[in-house]
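First comes the structure, then the notes that go with it.
The values are calculated or read from the model by the stated rules, or taken from the named source; none is laboratory data. Just so it is clear, the model here is predicted, and its values are computed rather than measured. All Cβ positions, even for glycine, are placed from backbone atoms using ideal geometry, and neighbour counts span all protein chains on display.
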Amino acid sequence: MKMIVEPNGAYSEQYYGFTKREVKLILPYIRNAARHAENMVEHYQDILESGEATDRQTTTLAQWEDKMDFFNSMIAFME
């Protein structure tokens, strides 16, 4: 992992970047997390579509959708 420091006015911003080797190592774990998030989204959507979802389950569905989108965007960026 490499740390990149860019000056930004009076402050410096730090970014962390992965090498290609590191990306190959962590990509299967990210894909696994994306599949899990997709399964959870399907689970909560089934509950919502059946009309038995509580407010808490609806909120949890939105959170899992956000996680799924995040993981999918990471996968798309890494490939």
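Among R31, R56, R35, which is in contact (Cβ under 8 Å) with a residue 24 or more places away in the chain and in a helix (DSSP H, G or I)?
One residue alone meets the criteria, R31.
Restricting the first residue to the range 1-19 and requiring it to be among the basic types (K, R) and modelled with pLDDT under 75, which pairs with a second residue that is assigned to a strand (DSSP E or B) and loosely packed, with under 10 Cβ neighbours inside 10 Å meet a Cβ separation below 8 Å and a spacing of at least six or different chains?
K2/Y16
Select from the range 38-53 the residues that are among the charged types (D, E, K, R) and assigned to a helix (DSSP H, G or I) and write down the one among them that is nearest to T19 (Cα to Cα).
Selected residue: E38.
Restricting attention to the range 1-41, and to residues there that are among the charged types (D, E, K, R) and farther than 27 Å from E65 by Cβ, which single residue is farthest from the chain's Cα centre (by Cα)?
Filtering the range 1-41 for residues that are among the charged types (D, E, K, R) and farther than 27 Å from E65 by Cβ, the one farthest from the chain's Cα centre (by Cα) comes out as E6.
Conditions: (1) of a type in the set (G, A, S); (2) in a helix (DSSP H, G or I); (3) surrounded by 10 or more Cβ atoms within 10 Å (Cβ to Cβ). A76 meets all but one. Number of the miss?
Of everything listed in (1) of a type in the set (G, A, S); (2) in a helix (DSSP H, G or I); (3) surrounded by 10 or more Cβ atoms within 10 Å (Cβ to Cβ), A76 misses just condition (3).
Assess whether E13 counts as being part of a loop (DSSP other than H, G, I, E, B) and over 25 Å from E79 (Cα atoms).
When the stated conditions are applied, E13 does not pass them.
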